[in-house]
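One structure is given here, and the rest of the page talks about it.
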Amino acid sequence: MGDVELPHPVTGVLFPSPVPPGTGWPDDLTVDETPVATSAVDVVELAADASLDDVTARSSVCRACSRLVEWREDVATAKRHSFADQPYWGRPTPGWGDPAPRVLVIGLAPAANGGNRTGRIFTGDRSGDWLFAAMHRVGLANQPTSQHAGDGLRLAGVRIVATVRCAPPANKPTPAERDACAPWLNREVALVLPTVRAVVALGSFAWNAALAVLGRVGLEIPRPRPKFGHGAEVSLPRGPGDSAGSISSASDVSSPSIVLIGSYHPSQQNTFTGKLTEQMLDDVLTRAATL
Ligand code: SF4
């Protein structure tokens, strides 16, 4: 852990990098007693009975994947030159947004100098700039930018989760890392499922992860599995094994099925080349929000 303490860009509170749990970082729900997973088995156990706040707190101190722990902390210590005056979160990036969303957005993993720096998913990188600007244009966010935790951004009816919660080298988690992280995703999706009407998958990796997690929480997944594409849609009936009912007391399961919608990922590679335009992303989010 770096010895130098630097001020949080919004609050001015001093933090070392990585940020220790329970020290006042905006939206950090951890306390000294928050249990720490150090293996994939621990993740299974700690996710199993977790509330939504527990998932947020417990996953944000997780140390189950040694390669990713080393990478995220190395990045947080070395820092990109342009962010050298800031403390880096350097921990897993939990899901964030509305706790009872109609729209669930699933991405791949936080960026090394984005979510891994700011502690908020999709925050502080170009992909997030695109995503939150689009959310604001279609009425899902109260402001067009997401630069730091604690910046006043609020999402209305939408929640964002990553398939893998730690920034991976070259943006490529291994299958073992994806599987180790899956219990956090499973539990979070199961807990919010009663209110969700649409799931937006950003990119093919997230599409496949979305189909997998939605199947695990009880939705009926067609065979063969539907293929990813921008604007691709598939309606997934809530099956009898839908775990939402057993986890939540919510009686307002709001739809007989959930619609999964694919979108090209708002990566610089896609936005710079015009493969994904603002209108294309707006159209997907508008469709999801109006289901
Ligand atoms: S990727 Fe997921 S399981 Fe692995 S250390 Fe990060 S939070 Fe834990």
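The values are calculated or read from the model by the stated rules, or taken from the named source; none is laboratory data. Owing to the predicted nature of the structure, the values given are computational and were not obtained by experimental measurement. All Cβ positions, glycine included, derive from the backbone under ideal geometry; neighbour counts span all protein chains shown.
Per-structure values
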{"read-out": "Every pair of residues 6+ apart whose Cβ atoms lie under 7 Å, when the first sits in the stretch 49-70 and is over 16 Å from P35 (Cβ atoms) while the second is among the polar types (S, T, N, Q) and within 12 Å of the ligand (Cβ to nearest atom)", "value": "none"}
{"read-out": "Among (1) at pLDDT below 95; (2) crowded, with 22+ Cβ neighbours inside 10 Å - the single one D49 does not satisfy", "value": "(2)"}
{"read-out": "Residues of the stretch 81-102 satisfying the condition of being of a type outside the set (F, W, Y), within 15 Å of the ligand (Cβ to nearest atom) and out of contact with any Gly (no Cβ under 6 Å at 6 or more places or on another chain)", "value": "G90, R91, P92, P94, G95"}
{"read-out": "Verdict on V105 being away from the ligand (no atom under 13 Å from the Cβ), of a type in the set (A, V, I, L, M, F, W, C) and surrounded by 22 or more Cβ atoms within 10 Å (Cβ to Cβ)", "value": "yes"}
{"read-out": "Residue list for the stretch 108-140, filter: surrounded by fewer than 23 Cβ atoms within 10 Å (Cβ to Cβ) and farther than 25 Å from W71 by Cβ", "value": "A133, H136, R137, V138, G139"}
{"read-out": "Residue, farthest from the ligand (Cβ to nearest atom), within the stretch 172-196, restricted to residues that are in a loop (DSSP other than H, G, I, E, B) and more than 21 Å from F132 (Cβ to Cβ)", "value": "K172"}
{"read-out": "Residues located in the stretch 51-70, provided they are more than 13 Å from the chain's Cα centre (by Cα) and within 10 Å of the ligand (Cβ to nearest atom)", "value": "R58, V61, C62, R63, A64, C65, S66, R67, L68, V69"}
{"read-out": "Unmet criterion (only one of (1) touching a helix residue (DSSP H, G or I) at 6+ places or on another chain (Cβ under 8 Å); (2) within 19 Å of R187 (Cβ to Cβ); (3) surrounded by 15 or more Cβ atoms within 10 Å (Cβ to Cβ)) for D42", "value": "(1)"}
{"read-out": "D129, sole failed condition from (1) in contact (Cβ under 8 Å) with a residue 24 or more places away in the chain; (2) charged (D, E, K, R); (3) not in a loop (DSSP other than H, G, I, E, B)", "value": "(1)"}
